[in-house]
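One structure is given here, and the rest of the page talks about it.
The values are calculated or read from the model by the stated rules, or taken from the named source; none is laboratory data. Since this is a predicted model, take the numbers as computed values, not measurements. Note that each Cβ is placed from the backbone with ideal geometry, even for glycine, and that neighbours are counted across all protein chains shown. Please note that ligands, DNA and RNA were not included when accessible areas were found on the heavy atoms of the full protein model with its side chains. Shrake-Rupley method; radii C 1.70, N 1.55, O 1.52, S 1.80 Å.
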Amino acid sequence: MEGVVGWRSFVAVGDSFTEGLNDAYPDGGFRGWADLVATRLAVEAGPEFRYANLAIRGRLFPRVVDEQVPAALAMQPDLISFAAGGNDMLRRSFDPDDLIARFNEVVGRLRAGGADVVLFRFADVMARLPGQRLVAPRVQVLNQAVGDTAERHGAILVDLYEDDTYLNPMMWSTDRLHLSSAGHRRVAAQVLTALGVSCADEWLLVPERPLPKPWLAARTDDLRWATHHLAPWLTRRLTGRSSGDTVTAKRPALTPLTD
């Protein structure tokens with residue numbers, strides 16, 4: 001089915017990365033790389049192209065699999081993107097062997113349904129976050145498994161980890177965890193390149209890397225980040241809540257982009 005002509009429907013599955021945080025539309029909703037990819041694929045496919053985005057911020061791997069994967073399969077799309085596990089890696093209960101086994105099984109199910117499947121090796125988001133010594137090895141393990149799974153099942157691999165551009169802080173939003181608008185545009189360009197579809201050159205443009213700040217100014221930024229982003233995240237972990245508890249999928253059904 002692979003090829004521009006064959007992709008007349010696209011379902012995006014995952015968490016905040018795929019929902020589009022923090023690439024805001026003027027109305028306050030989130031766009032993100034998946035919406036950008038869908039817009040470009042719609043140009044190629046024409047008015048019959050349909051798109052659904054089931055991703056919800058904060059979702060752990062089991063809920064993505066249990067809630068979104070069956071819905072995606074039921075839609076019988078030509079193309080599915082699957083990106084999950086990032087939130088799990090930040091939990092103390094993370095079990096890499098279990099997640100890797102389930103990841104392989106899920107991708108097998110998605111491919112068996114007849115869709116082309118896009119997978120991602122995660123970018124190195126931990127360079128500017130605490131807990132790097134704990135989480136970075138988990139990222140490497142999961143990324144290796146993603147690559148192996150993509151090869152095993154004939155999925156389309158988008159390798160963000162090998163792109164040093166994502167070490168530029170301008171590719172990330174102020175929460176240091178989610179992509180900026182520039183980051184989402186670059187991911188969209190890399191997905192489209194992997195699909196063999198052209199995109200706007202400016203999607204690959206990289207903002208100029210900011211100059212290092214003096215020590216005191218950098219520590220002030222760190223304190224501001226900890227107050228506005230780290231502390232609320234820790235509070236949600238301690239109270240068993242998620243940022244996506246009251247959020248629903250922004251495009252729960254396959255519909256034309258004009259809907």
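For every residue, the table says whether it meets (1) touching a residue at least 60 places away in the same chain (Cβ under 8 Å); (2) more than 15 Å from the chain's Cα centre (by Cα); (3) farther than 26 Å from T246 by Cα; (4) open to solvent by less than 10 Å² (accessible area, probe 1.4 Å).
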{"site": "R8", "(1), (2), (3), (4)": "yes, yes, yes, no"}
{"site": "D35", "(1), (2), (3), (4)": "no, no, no, no"}
{"site": "A52", "(1), (2), (3), (4)": "yes, no, no, yes"}
{"site": "F94", "(1), (2), (3), (4)": "no, yes, no, no"}
Item to check | Qualifying residue in segment 72-83 (condition: under 23 Å from L195 (Cα atoms), open to solvent by less than 50 Å² (accessible area, probe 1.4 Å), of a type in the set (V, I, T) and out of contact with any Gly (no Cβ under 9 Å at 6 or more places or on another chain)) | outcome: no
Item to check | Candidates G29, G20, G86, G46, filtered to the one that is over 22 Å from H153 (Cα atoms) and crowded, with 19+ Cβ neighbours inside 10 Å | outcome: G20
Next on the checklist: Scan segment 58-78 and tell me whether some residue there is among the polar types (S, T, N, Q), within 30 Å of P137 (Cβ to Cβ) and modelled with pLDDT under 95.
Outcome noted: no
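Which of the residues that make up segment 109-154 are small (G, A, S), at pLDDT below 90 and more than 18 Å from the chain's Cα centre (by Cα)?
At the first step, the residues of segment 109-154 found to be small (G, A, S) are 112-115, 123, 127, 131, 136, 145, 147, 150, 154.
Still in the list and also at pLDDT below 90: 127, 131, 136.
Of everything in segment 109-154, just one residue is small (G, A, S), at pLDDT below 90 and more than 18 Å from the chain's Cα centre (by Cα), namely G131.
Please tell me if A123 is open to solvent by 10 Å² or more (accessible area, probe 1.4 Å), within 16 Å of L177 (Cα to Cα) and in a helix (DSSP H, G or I).
Values: open to solvent by 10 Å² or more (accessible area, probe 1.4 Å): yes; within 16 Å of L177 (Cα to Cα): yes; in a helix (DSSP H, G or I): no.
Taking the combined requirement at face value, the residue does not satisfy it.
Considering only segment 203-227, state which residues are of a type outside the set (A, V, I, L, M, F, W, C) and either on the phi > 0 side of the Ramachandran plot or in contact (Cβ under 8 Å) with a residue 12 or more places away in the chain (or both). Step through it out loud before you land on a result.
Of the residues in segment 203-227, the ones of a type outside the set (A, V, I, L, M, F, W, C) are 207-210, 212-214, 219-222, 224, 227.
Selection gives P207, E208, R209, P210.
Working carefully through the options L110, L134, find the one that is crowded, with 17+ Cβ neighbours inside 10 Å and either on the phi < 0 side of the Ramachandran plot or outside any helix (DSSP H, G or I) (or both).
On the way: L134 fails: crowded, with 17+ Cβ neighbours inside 10 Å.
One residue alone meets the criteria, L110.
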Checklist entry - Does F103 satisfy the condition of being open to solvent by less than 10 Å² (accessible area, probe 1.4 Å), in contact (Cβ under 8 Å) with a residue 40 or more places away in the chain and within 13 Å of the chain's Cα centre (by Cα)? => result no
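Being within 23 Å of G183 (Cα to Cα), open to solvent by 20 Å² or more (accessible area, probe 1.4 Å), of a type in the set (A, V, I, L, M, F, W, C) and in contact (Cβ under 8 Å) with a residue 12 or more places away in the chain is the requirement here; does L142 meet it? Even if it seems obvious, please write down each step before you answer.
Values: within 23 Å of G183 (Cα to Cα): yes; open to solvent by 20 Å² or more (accessible area, probe 1.4 Å): no; of a type in the set (A, V, I, L, M, F, W, C): yes; in contact (Cβ under 8 Å) with a residue 12 or more places away in the chain: yes.
No; evaluated as a whole, the condition is false for this residue.
Quick one: which residue in D98, D66, D78, D116 is among the acidic types (D, E) and closer than 25 Å to L234 by Cβ? Show your work before the answer.
On the way: D66 fails: closer than 25 Å to L234 by Cβ; D78 fails: closer than 25 Å to L234 by Cβ; D116 fails: closer than 25 Å to L234 by Cβ.
The match here is D98.
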Next on the checklist: Residue pairs, Cβ under 7 Å, 6 or more apart or interchain, first in segment 70-86 and among the charged types (D, E, K, R), second at pLDDT below 95. List them.
Outcome noted: D78/M1; D78/G6; D78/W7
